[in-house]
Amino acid sequence: MSDLQKKWAKAKLSSAMAATATVFNEADEDTLMSDVPTDTTSATVAGGAGGFPFPTATSRKNLSVSTTAAGGGIGFGGSIPEQDDDSSSASSMSSTGTVIPSPGRALFARPMGPSGGRSLDPIPWTTYFERELFLTTPPSTSSENGTETEQITHHAYLTSPVGPKGPLFVTHHGAGSSGLSFAVLSSEIRKRLPTAGILSIDARGHGSTTTTGGTPGPVDLSLSTLSTDLFNVIQATKTAMHWPELPPIILVGHSLGGAVVTDLAHSGRLSSTPGNSFLGYAVLDVVEGSAMDALQSMQTYLSTRPTGFGSLKDGIEWHVRSRTVKNAVSARTSVPALLVDTSSSQDKEDEKGNIANGSNKSSSRPWRWRTDLAATQPFWEDWFVGLSKKFLEAKGGKLLLLAGTDRLDTELTIGQMQGKYALQVFPEAGHFIHEDLPEKTANVLVDFYRRNDRSSLVLPPKVSELLAQGKRV
């Protein structure tokens with residue numbers, strides 16, 4: 001390389017490093033190439049952080065090229081990555097050593113925050129379920145005087161199973177969540193098992209389930225009550241849909257919901273129904289030991305999260321940014337059911353001057369949590385005490401999905417070694433496994449159903465039947 005070439009290359013490299021990133025187009029290349037001295041043997045291409053020299057075909061055999069999609073430019077020092085593109089960009093690289101982005105593709109654009117420029121608009125439940133149900137169960141009565149004390153209208157989302165052998169996945173969410181936390185998962189299950197149905201309920205005090213009457217005070221969220229509610233919703237759905245009998249059932253519960261489905265399976269109430277349609281149950285990321293440990297820091301966690309949001313989009317964005325829900329699509333579906341707009345009631349409070357400390361801060365964040373998790377503290381220990389023992393003792397197939405093996409306590413570790421249940425670990429997921437990884441969770445659940453599906457079993461004929469047919473045994 002002559003002295004003139006060296007000076008020209010150094011000058012171009014210095015100006016390129018100081019320049020701001022620009023989007024490449026052919027006009028820029030033509031202008032840049034026109035500045036090259038007539039005796040040069042190297043070519044230059046505009047990159048994410050300006051122009052960089054590339055050797056021509058006659059000299060590039062001694063130099064490797066690497067590209068960086070989000071690092072601000074193209075540089076030296078690596079090997080050319082394999083391209084899946086069959087456009088002129090790929091052929092240009094192979095023939096001349098230049099990298100030309102496809103027209104209209106912002107190859108070097110920086111990500112726009114955690115959402116990457118994606119929409120944070122809420123996704124309606126109708127995208128995933130065929131209908132919603134409002135199921136009114138008989139009023140409960142007081143044990144003291146026999147008077148009716150409480151009327152509850154259960155809300156649930158339903159996609160009906162197809163055919164007489166189509167299974168029904170009955171899901172129960174965790175504390176503070178809603179039935180829509182299983183929405184994206186339900187879609188993935190249907191992709192893999194088109195005959196499957198999904199019944200996803202809102203527990204009392206959550207979602208759109210409402211309770212009237214009863215004793216004033218906190219909602220009864222004891223484990224026995226929630227377990228009875230789940231059983232009643234299943235039976236009420238059968239009645240509302242005019243099913244002659246219940247389809248094959250797989251119970252799926254997350255966190256608190258895992259304790260609820262385990263308690264219902266352990267009670268044997270589903271196994272004693274006509275047809276004995278209960279196949280098994282799956283528990284998502286909850287075991288007794290780690291759950292009891294986590295309860296000690298629950299109040300601290302609740303005190304650190306926002307008390308409200310300015311809009312639904314703000315609530316969705318917080319869940320994604322905080323990594324509470326890592327899947328933005330699932331967050332857009334499930335978060336709206338967790339919040340309620342209090343602006344109308346807040347306006348009335350403003351008129352009365354009852355805002356605490358004379359501040360209108362709360363009115364700027366009208367979207368508040370629908371469920372007061374702090375008020376559920378009296379029930380926390382009741383939810384999880386004895387969970388591991390009941391999980392291992394209950395009849396039916398058993399599946400445990402965890403975000404880490406460190407969550408296993410001693411009793412479950414021994415049970416797993418003895419082959420008493422199936423275990424699946426997704427270390428890349430957070431606590432909301434079914435929302436973070438709906439595809440993988442669906443794969444595991446569908447496989448679990450198929451392994452426990454009795455309709456696919458071919459049993460040998462009974463000896464008495466063979467004898468009646470005159471056959472030798």
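Residues in region 220-234 that are touching a residue at least 12 places away in the same chain (Cβ under 8 Å), out of contact with any helix residue (DSSP H, G or I) (no Cβ under 8 Å at 6 or more places or on another chain) and open to solvent by 10 Å² or more (accessible area, probe 1.4 Å): 220, 225, 229, 232.
The set of residues in region 212-248 that are farther than 19 Å from residue 135 by Cα and hydrophobic (A, V, I, L, M, F, W, C) contains only 223. Scanning region 387-413 for residues that are over 19 Å from residue 446 (Cα atoms), at pLDDT 90 or above and basic (Lys, Arg) yields 389, 390, 395. Each residue in region 250-276 was checked for being more than 12 Å from residue 230 (Cβ to Cβ) and open to solvent by 10 Å² or more (accessible area, probe 1.4 Å), and 9 of them qualify.
If only one of 418, 424, 377 is of a type outside the set (A, V, I, L, M, F, W, C), free of Cβ contacts under 8 Å to residues at least 12 places away in the same chain and more than 19 Å from residue 265 (Cα to Cα), which one is it? Working first, answer last.
Numbers: 424 fails: free of Cβ contacts under 8 Å to residues at least 12 places away in the same chain; 377 fails: free of Cβ contacts under 8 Å to residues at least 12 places away in the same chain.
Going through 418, 424, 377 in turn, just one is of a type outside the set (A, V, I, L, M, F, W, C), free of Cβ contacts under 8 Å to residues at least 12 places away in the same chain and more than 19 Å from residue 265 (Cα to Cα): 418.
Looking across region 175-193 at every residue that is in a helix (DSSP H, G or I) and polar (S, T, N, Q), the one that is surrounded by the fewest Cβ atoms within 10 Å (Cβ to Cβ) is identified as 187. When residues in region 244-257 are screened for being at pLDDT 95 or above and either in a helix (DSSP H, G or I) or over 24 Å from residue 442 (Cβ atoms) (or both), 2 of them pass. Being at pLDDT 95 or above and either open to solvent by 60 Å² or more (accessible area, probe 1.4 Å) or not hydrophobic (A, V, I, L, M, F, W, C) (or both) holds for only one residue in 283, 329, 335, and it is 329.
Can you find, within region 147-162, the residue that is modelled with the highest pLDDT among those that are farther than 21 Å from residue 251 by Cβ and open to solvent by 50 Å² or more (accessible area, probe 1.4 Å)? Restricting to residues being farther than 21 Å from residue 251 by Cβ and open to solvent by 50 Å² or more (accessible area, probe 1.4 Å), the top hit is 151. Note on region 301-314: residues that are farther than 17 Å from residue 371 by Cβ, in a helix (DSSP H, G or I) and either open to solvent by less than 90 Å² (accessible area, probe 1.4 Å) or aliphatic (A, V, I, L, M) (or both) total 1.
The number of residues in region 286-300 that are part of a helix (DSSP H, G or I), exposed (fewer than 15 other Cβ atoms within 10 Å of the Cβ) and without any contact (Cβ under 8 Å) to a residue 40 or more places away in the chain comes to 2.
The values are calculated or read from the model by the stated rules, or taken from the named source; none is laboratory data. Note that the structure is predicted; figures quoted are calculated from it, not measured. Here Cβ is always computed from backbone atoms with ideal geometry, including for glycine, and neighbour counts include all displayed protein chains. Remember, those area values only see protein heavy atoms, side chains included, never the ligands or the DNA or RNA. Shrake-Rupley method; radii C 1.70, N 1.55, O 1.52, S 1.80 Å.
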